[in-house]
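Participant: The structure that follows is given in the form of structure tokens.
Coordinate-derived values only; no laboratory data. Since the structure is predicted, the reported quantities are computational estimates derived from the model, not experimental observations. Cβ atoms come from the backbone with ideal geometry, glycine included; neighbour counts cover every protein chain shown.
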Amino acid sequence: MTAKTDRKAEPDVALSVRGLTISLPKGMERVHAAEGVSFDLRRGQILCVIGESGSGKSVTANTIMGLLPKAIRITAGSIRLEGREIVGMGPEALRGLRGRVVSMIFQDPLSALNPLMTVGAQIDEAMLAHGVGTPTSRRERAIELLTEVGLPDPELMYHQYPFRLSGGQRQRVMIAMALALEPSILIADEPTTALDVTTQAQILKLIRDIQARKGMSVMFITHDFGVVAEIADSVVVMEKGRVVEQGSAAKVLRTPDHPYTRRLIAAVPHLTGVDRAPVPVADTEPVIRVRNLVKTYRSGSAFLRTERIVPAVQDVSFEVAPGRTLGVVGESGSGKSSLGRLLIKLIEADSGQILFDGQDIAPLPEAGFRSLRQKIQMIFQDPFASLNPRMTIGRILTVGPVAHGMSHDRARQEARTLLDQCGMDPGALDRYPHEFSGGQRQRIGIARALMFKPRLLIADEAVSALDVSIQAQILQLLDRIQRDTGVSMIFITHDLRVASQICDQIAVMQKGRIVEQGPPSQIFLDPRSAYTRELVAAIPGESPRGPHPVAAAN
Amino acid sequence: MTAFLLKRVLQSLVLLVIVSIIGFAVLNLIPGGPMAQYALDPGMTQDDMDRLAEQLGLNRPIWVQYFDWAWRMLQGDWGTSFRDGNPVTTVIGRHVFATFLLMGSSTVIAVAIGTWIGIRGATHRYSIFDYAATIGAMVALSIPTFWFGLIGIYVFSLKLGWLPAGSMYTIGDGSVLNYLHHLIMPSTVLALVHIAIWSRFMRASTLDAISQEFVKTARAKGLSERRVIMKHVVGNALLPMITLAGVQLPSILTGALVTETVFTWPGMGRLFLDSLGYSDYPVVMGLLMFSAILTILGNLIADIVVALVDPRIRLA
């Protein structure tokens, strides 16, 4: 069937992509960013394009917007936007479509707005660019839009600079801007990935509501099957630049055909109502016992009345037994990362006790803590930034232990064993970090933390930057290491689903306090505090209403 | 903002004291001193020399001299020149205008052209224009200023006879046109180097701004490329440049030693050189303090301007 007859048969298609092939500049890891991509976005529907990093989903979206960098070119295929062929269209004609026929919102609302312009001016500009309205009418429209996306006090919001707004509010502004000229198609590129789970739920609901109210067609790019289950009418699954499967959301989620789709769906972490089988250990005396820990950040000066006080950690108490994992869960600003930093004494506590092996480390000076530091190790979030690019893996792993007096040969031997244990080839020792993928680097980061034979591992968002399939592997690895070595773990994360996979106990933090603490089964099935209930309800794809598509597929 | 200003002013005062102590000490480390030039003068007896030293206060210990100088300085008395007995402020005042004329004009040219080259280089990255600008900047930075000055004099004064070879004006002709005529060459030569520096920084800063997410948002709204660059990229790219401009500000008044020498321009750079040659301590110290104050002011003004322009700081 040719593209032409295809469209005649289906007049309700807003966006039709056929055989789209986009080539990358020479010397990249792939020849094509996208190859033979075909799909239809039907009018009034939400189409989710899902794939892991490097799948070509964002490049495809940028191509439809005509926002490709010069070095990347369309080499074949057709994109028809409301019946117009846009492949080969001149830049000026394309510009006329952007914002008017098709709009786009982006992943990171914190950087997607110009910091030097007011919210109002940026919305105004979207209309001005297409010569729509007078200054007065545009202003009225902007305020109407700000109201429509549910922002409080739209009149005030109009004059506000972006830095005053929270991430969720900024994403609402982005949506208001995208809606300014009532485009028929909205492209959303991971619009909720950078947001907290409760904010994510609100933004998803907003997009769904607006889509339904205006009958817009939405192309929604995501890596999260939970989000797909939440909003999609139909789904396109992409892998390495190719569409491997597409169909209705119900079909793809329930009966995925392609092995890649099945693998992806299986890798999505789910809330488990069943607690983890405890690691058998001889000793049950807690490794770490935290009592009434307090940390308050102060800035400015009390004398000049510019003081700002942020209570980051307030009266936090918990303990972790050997071989157990405590999950610390909370949204941004909840104090979970400050807590992690307090425990390895990157920052000093104001008051409270941190009893490590019975000794209070909170008041210890740096010199006194140094010998204990080896016993508490940290795994970081960003596997790209946390390894020194100029050192070989061997040096990264051995430099610490050697500095603490281990012989060089012994350290190398240990490193070899640990790399093997972390699922890496010991040949990695002589290579540099840039030669490894994100997941492999995180394995190296774990091996590095284990070099000191720590009693306690603190993992701060250790899997947040990874694709789901890699995430699942790293979680398995951590579980196995715990079973092998009996190390205790504090697992800090914003993702309740991940926490439920690996933790024996979960502490939910809000505004610096632990609001609820208990085993996963209690936290997820029978949450005691209102905040925990809200958090659990906000998890995409896990809401109890209706059939459980993702769970059914599992 | 007030707290910030207060803190900065206090820091600046401490800094000025440190600069003055170091300056005074280093100056007195130089062998010879102001009396050395009279040592071989057959007309000067030892008595004359002692009397002169007594008059200038040079026979006292260094620290007494320093405190005496500092105390007068605090009262606004910058001392008198050893060379001609004029107050230091008068001596500096006589040269400041010449330097301001030269440096001011060349800086205006440099900022205007450098900004344009920088933006164009970034928006047309790896184009012929960009490569040419990069190579041009490298050449301008690696060849010393005096070479450009001498070539300019050879071509435009000697061979073509279009422009004067030096001085600020023709004696007996103080018209504006005459000043401008003399200004063209030194100002252009000086601007060459500044254009090179400024365009490189502007290019880097523009590239930073261009890769920001909000630029993509602006394009996604369907703004014209011109408006994207002018409104969203340039504004954000200029922010860090304000700080750079603040660092450059003092040089507008403290002068360019080499260029002023090549073109016999009666500015501050030459005054400094001459005063050093004559060991004219009060003038040298005066110039040192003058540039220290300007440096501090320049940075302070830059910080204030950034705070005024950037809502994240202004309203925080």
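Participant: Round to the nearest 10 and give me the degree value, 0 to 90, for the angle of helix A:167-179's Cα axis relative to the longest principal axis of chain A.
Facilitator: 10
Participant: Regarding the range B:229-316, what's the average projected area of the Cα-atom convex hull, expressed in nm²?
Facilitator: 7.7
Participant: Where in the range B:214-257 does the label zone of B:Leu273 land, with the point 7 angstrom along Cα→C-beta and an amide N cut-off under 13 Å?
Facilitator: Counting backbone N atoms under 13 Å from the label point, the list is B:255-257.
Participant: Right, something else. Among A:Leu146, A:Leu419, A:Leu97, which residue has its Cα furthest toward the positive end of the charge dipole of the protein assembly as shown, with +1 on Lys/Arg Cβ and -1 on Asp/Glu Cβ?
Facilitator: With unit charges placed on the Cβ atoms, the residue in question is A:Leu97.
Participant: May I pose another question? How much length is gained on full extension from A:Asp526 to A:Ala282, taking 0.36 nm per residue of separation minus their Cα-Cα distance?
Facilitator: So the chain would gain 84.8 nm between A:Asp526 and A:Ala282.
Participant: What FRET efficiency comes out for the pair B:Asp77/B:Leu27, r = Cβ-Cβ distance, R0 = 22 Å, nearest 0.05?
Facilitator: With R0 = 22 Å, the Cβ-Cβ based efficiency is 0.75.
Participant: Quick check on chain A: of the DSSP beta bridges with both residues there, what percent are antiparallel, nearest 5%? Walk me through the intermediate numbers first.
Facilitator: On the way: 43 of 80 bridges.
Percentage antiparallel, nearest 5: 55.
Participant: Here's something else I'd like to know. Among the aspartates and glutamates, which fall within straight-line cross-link reach of A:Lys57, defined as a Cα-Cα distance under 17 Å, with same-chain neighbours fewer than 8 residues apart omitted?
Facilitator: Filter leaves A:Glu29, A:Glu35, A:Asp40, A:Asp108, A:Asp189, A:Glu190, A:Asp224, A:Glu239, A:Glu245, A:Asp467.
Participant: What lysines could a cross-link reach from A:Lys26, if we take a straight Cα to Cα line under 18 Å and drop same-chain neighbours fewer than 8 places away?
Facilitator: Within the straight-line cut-off, A:Lys26 pairs with A:Lys70, A:Lys240.
Participant: Measuring from label point to label point, each 7 Å out along Cα→Cβ, what is the A:Thr147 to B:Tyr154 span in nm?
Facilitator: With each label placed 7 Å out from Cα toward Cβ, I get 7.6 nm.
Participant: Using alpha-carbon positions, what is the distance between the centroids of the range A:62-85 and the range A:336-381, in Å?
Facilitator: If we compute the Cα centre of each part, the gap is 53 Å.
Participant: Given the -39500 (n - 2.57) contribution per DSSP H run of 4+ residues, what per-residue ellipticity at 222 nm results for chain B, rounded to the nearest 500 deg cm²/dmol?
Facilitator: Theoretical 222 nm ellipticity from helices: -24000 deg cm²/dmol.
Participant: Follow-up question, since we're still on this one. Per DSSP helix of 4 or more residues, -39500 (n - 2.57); summed, then divided by the residues of chain A. What does that give at 222 nm, rounded to the nearest 500?
Facilitator: Calculated mean residue ellipticity at 222 nm is -10500 deg cm²/dmol.
Participant: Same structure, new question: How high is the FRET efficiency from B:Leu180 to A:His434, r the C-beta distance, R0 45 Å, rounded to 0.05?
Facilitator: Result of the calculation: an efficiency of 0.20.
Participant: Roughly speaking, what is the centre-to-centre gap between the range B:48-111 and the range B:189-226 when only Cα atoms are used, to the nearest Å?
Facilitator: 43
Participant: Next question. Peptide B:208-218: average number of partner chain Cβ atoms within 10 Å per residue?
Facilitator: Mean partner-chain Cβ count within 10 Å for B:208-218: 5.
Participant: Which residues does the label zone of A:Val399 cover in the range A:336-366, counting backbone N under 14 Å from a point 7 Å along Cα→Cβ?
Facilitator: Counting backbone N atoms under 14 Å from the label point, the list is empty.
Participant: Could you work out how far the C-alpha centroid of the range A:414-471 sits from that of the range A:229-246, in angstrom?
Facilitator: Each part reduced to its Cα centre gives a spacing of 31 Å.
Participant: Can you spot the lysines whose alpha carbon is less than 19 Å from A:Lys205's alpha carbon? Ignore those fewer than 8 places along the same chain.
Facilitator: A:Lys214
Participant: Still on this model: Cα convex hull of the protein assembly as shown: how many Å³ per residue?
Facilitator: 246
Participant: Another question about this same structure. Neighbouring Cβ atoms within 10 Å as the yardstick, rank A:Phe384, A:Phe491 fewest first.
Facilitator: A:Phe384, A:Phe491
Participant: Another question, then. Evaluate the distance, in nm, between pseudo-label points positioned 7 Å from the Cα of A:Asp420 and of A:Glu534 along their respective Cα→Cβ axes.
Facilitator: Those two pseudo-labels are separated by 5.1 nm.
Participant: Next up: Which order do the peptides A:368-381, A:132-145 come out in when sorted by mean C-beta neighbours inside 10 angstrom, highest first? Before the final figure, lay out the partial values.
Facilitator: Working: A:368-381: 17.4, A:132-145: 15.5.
Listed from highest to lowest mean packing, they are A:368-381, A:132-145.
Participant: Can you pick out the pairs among B:Lys7/B:Lys231; A:Lys345/A:Lys375; A:Lys336/A:Lys375 whose Cα atoms lie more than 23 Å from each other?
Facilitator: Beyond 23 Å: B:Lys7/B:Lys231.
Participant: Still on this structure, I have one more. So, R0 is 35 Å and r is the distance between the beta-carbons of A:Arg73 and B:Ala132; what FRET efficiency does that work out to, to 0.05?
Facilitator: Efficiency, from the Cβ-Cβ distance: 0.85.
Participant: What's the angle, to the nearest 10 degrees (0 to 90), between helix A:119-128's Cα axis and the longest principal axis of chain A?
Facilitator: The answer is roughly 30 degrees.
Participant: Within a 10 angstrom radius of each residue's Cβ in B:305-315, how many Cβ atoms of other chains show up on average? Whole number is fine.
Facilitator: For peptide B:305-315, the averaged partner shielding equals 2.
Participant: What relative contact order, as a whole-number percentage, does chain A give when Cα pairs under 8 Å and 6 or more residues apart are counted?
Facilitator: This gives 16 percent for chain A.
Participant: Further question: What average count of beta carbons from other chains do you get within 10 Å of the Cβ of residues in B:230-240?
Facilitator: The per-residue average across the peptide is 2.
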